[in-house]
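Provided herewith is a single structure, encoded as structure tokens, for subsequent inquiry.
Just so it is clear, none of the values below were taken in a lab; they were calculated from the coordinates. Computed from a predicted structure; not experimentally measured. Every residue, glycine among them, receives a Cβ derived from its backbone with ideal geometry; neighbour counts consider all protein chains shown.
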Amino acid sequence: MFAGSGASIADTREAVGGLAGFLERNGPFECRQQFLADAGGSDAAWSALTASDVAVLWVQSRQMGGLGRAAVRKFLERGGGMVVLGSGAGTWTDWPEFEPDVLGARYGAKFANGAPMRVINLYPHSIFTGVDHFETTQAMWRCDLGSDVQVIMEGTVGEDTVPMGWVCRHRGGRVACFQPGGRFLLGDPQFRGIISNSVLWAAKHPVPGARTLVQRTCMRDAYPGALAVSFPGGPSLCFDTVRGGINYIWDGDFVDLRPWWTARHGDPLRTFAARFSGDILYRERSLSPALHLGSGNDQSVFHFRGFRLGKDGCPELLYSVGGREITEELHPVIGGMGVECTFRVASGASPLWLRLEGGSSADIAVAGAARDGDYVRFDAAAAGVFDVTIRGRTGTDP
């Protein structure tokens, strides 16, 4: 935890010390505090990053130094996470590009002349697990965000909105950034919960109590009405409810639906496709139907009936293929990044075929059915179950 703000040294130590104590009492954290003097921080302070998973910054108008910049870049390259509190222009006086390069933001003038937010929206993300609301009177800055940034907290004054919190990736590391971050806010129970979850997310650790997120929406390279699914510890996927299969799996967060929810006129709705960040782990090569009955070249009517969340919180997809009822259960694989699909098939006279053309980008294992080239074939006429596990290989182009 690196601290250096406009507060006095005593107030800074009290606020950061209280936050560190909360984190250590309520999570699997061991905190080391570094206080940066007005003139700048000691280069030795940055050596703490070599033994850290996440860097929490509560810093304004401090000097970093060349060794500090090199240490931060190396830290992020090896996958270290960063949580920035009270962000704004001028975090580092000798690194003016820190905000656009690392945080994905360029700051402007005070938003709404410094008026407090009338409404604060928290968008779906594991970072807000257990947080039922958030309030602050702190003034915000206008900011332009990069295309790879996902807004997760937004404030409103009148008809105007401003990003208050967002997540992004820089090099190999995850970055969570929040404009709120006043001294007293560091002691707020709701904000402390957000910080705790942000540290876990940035460290790529599961957030206790986080739920699987499912939203029917418009996604790129899929028919309208696809399901976006994101498991708490990853991965995320697009299930096409028209073709009846997974179109792609990625290792990032839930889709960014903010443009859809905040659109005030028709154009954005007509052109909207949910954005997401992360590496594609698996992708189907075409939008051909994924399931059919009969022989390898037959066609069948696919009818998607809906979905529900099972007792474990994972989605169960309900549909029929040529009149044969199927329930497909989706779970994240254990000990890796991928998806296990369990197909519970009702009785029927014809074999069931599942097309899997994206195998070149993933490892695919089948149990309870036969693998036949780009297909999985379930021959049983009686009701039965088979499993398909797709374990992705990172680094595939989106």
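Suppose each label sits 7 Å from its Cα in the direction of the beta carbon; what would the Asp160-Arg142 distance come out to in nanometres?
0.6 nm
Could you state the number of Å between the C-alpha centres of segment 55-86 and segment 324-364?
A separation of 42 Å, based on Cα centres.
Roughly what % antiparallel, to the nearest 5, for the DSSP beta bridges in segment 2-202?
Close to 60 percent.
Counting only residues 5 or more places away or on other chains, whose amide H sits under 5 Å from the amide H of Tyr282 once H atoms are built in the peptide plane?
Distant-sequence amide H within range of Tyr282: Ile249.
Compute the length gained on full extension between Ala349 and Ala48: take 0.36 nm times their separation in residues and subtract their Cα-Cα distance, giving the result in nm to one decimal.
101.9 nm
Same structure again: With unit charges on the beta carbon (Lys/Arg positive, Asp/Glu negative), name the residue among Ser52, Ser347, Gly27 whose Cα is farthest towards the positive pole of the charge dipole of the chain.
Gly27
Tell me, which longest segment in the chain has none of the trypsin sites (Lys or Arg not before Pro) that fall in DSSP loops with at most 16 further Cβ atoms within 10 Å?
After excluding every exposed loop site, the longest remaining stretch is 312-392.
Still on this structure, I have one more. So what J values fall out for segment 225-238 if you push phi through Karplus, 6.51 cos²θ - 1.76 cosθ + 1.60 with θ = phi - 60°, rounded to Hz, Gly and Pro as x?
x, 5, 9, 9, 10, 9, 7, x, x, x, x, 10, 8, 10
Now a separate question. Between Gly313, Gly358, Gly155, where does the largest GNM mean-square fluctuation fall for the chain, given springs only between Cα atoms within less than 10 Å?
Gly313
May I pose another question? Of Gly80, Gly130, Pro180, whose Cα points farthest to the positive end of the dipole of segment 74-189 (charges on the beta-carbon: +1 Lys, Arg; -1 Asp, Glu; origin at the Cα centre)?
Of the candidates, Gly80 comes out farthest on the positive side.
Short version: ³J(HN,Hα) in whole Hz for each residue of segment 211-217, in order, from phi by Karplus 6.51 cos²θ - 1.76 cosθ + 1.60 (θ = phi - 60°), x for Gly and Pro, what are they?
10, 5, 9, 9, 9, 8, 7
With +1 assigned to the C-beta of every Lys and Arg and -1 to the C-beta of every Asp and Glu, and no other charges, what is the dipole magnitude of segment 144-233 about the Cα centre in debye, to the nearest 20?
520 debye
Measuring from label point to label point, each 7 Å out along Cα→Cβ, what is the Asp132 to Ser295 span in nm?
Once both label points are built, they end up 6.2 nm from each other.
Extension gain Asn113-Arg78, at 0.36 nm per residue separation less the Cα-Cα distance, in nm?
Stretched fully, the Asn113-Arg78 segment lengthens by 8.6 nm.
Turning to a different aspect of this structure: Before rounding to the nearest 500, sum -39500 (n - 2.57) across all DSSP H runs of length at least 4 in the chain and divide by the residue total; then give [θ] at 222 nm in deg cm²/dmol.
Taking each H run of at least 4 residues, the total per residue is -4000 deg cm²/dmol.
Just to check, using Stokes-Einstein with a Kirkwood Rh over alpha carbon pairs, what's the diffusion coefficient of segment 72-122 at 25 °C and 0.890 mPa s in µm²/s?
So the translational diffusion coefficient is about 185 µm²/s.
Explain nothing, just the number: dipole magnitude of the chain about its Cα centre with +1 on each Lys and Arg Cβ and -1 on each Asp and Glu Cβ, in debye rounded to the nearest 20.
140 debye
Ok, one more. Distances longer than 22 Å among the Cα atoms of segment 2-202: what percent of all pairs is that?
That fraction is 44 percent.
Further question: Using +1 on the beta carbon of Lys and Arg, -1 on that of Asp and Glu, and nothing else charged, what's the dipole of segment 213-392 about the Cα centre, debye to 20?
520 debye
Which value results for Rg/Rh of segment 118-183 when Rg is the Cα radius of gyration and Rh the Kirkwood radius based on the inverse mean 1/r?
0.95
Pick out which of Pro28, Pro289, Pro189 has the largest mean-square fluctuation in a Gaussian network model of the chain, springs linking Cα atoms closer than 10 Å.
Evaluated over the chain, the most mobile residue of the options is Pro28.
How much FRET efficiency would the formula 1/(1 + (r/R0)^6) give for Asp101 and Ala37, where r is the Cβ-Cβ distance and R0 is 22 Å, rounded to 0.05?
Using R0 = 22 Å, I get an efficiency of 0.35.
Further question: Between (1) 29, 59, 12, 0; (2) 26, 49, 22, 3; (3) 26, 46, 26, 3, which entry matches P(r) over Cα pairs in 20 Å bins from 0, in percent as derived from the coordinates of this structure?
Derived directly from the coordinates: (2).
Would you mind ranking Ser8, Ser52, Ser61 by Cβ crowding within 10 Å, fewest neighbours first?
So the ranking, lowest neighbour count to highest, is Ser8, Ser61, Ser52.
Taking the chain as a Gaussian network, where each spring joins two C-alpha atoms under 10 Å apart, which residue of Asp221, Asp132, Asp94 fluctuates the most?
Evaluated over the chain, the most mobile residue of the options is Asp132.
Right, something else. How high is the FRET efficiency from Glu30 to Ser288, r the C-beta distance, R0 51 Å, rounded to 0.05?
The pair Glu30/Ser288 has a calculated efficiency of 0.50.
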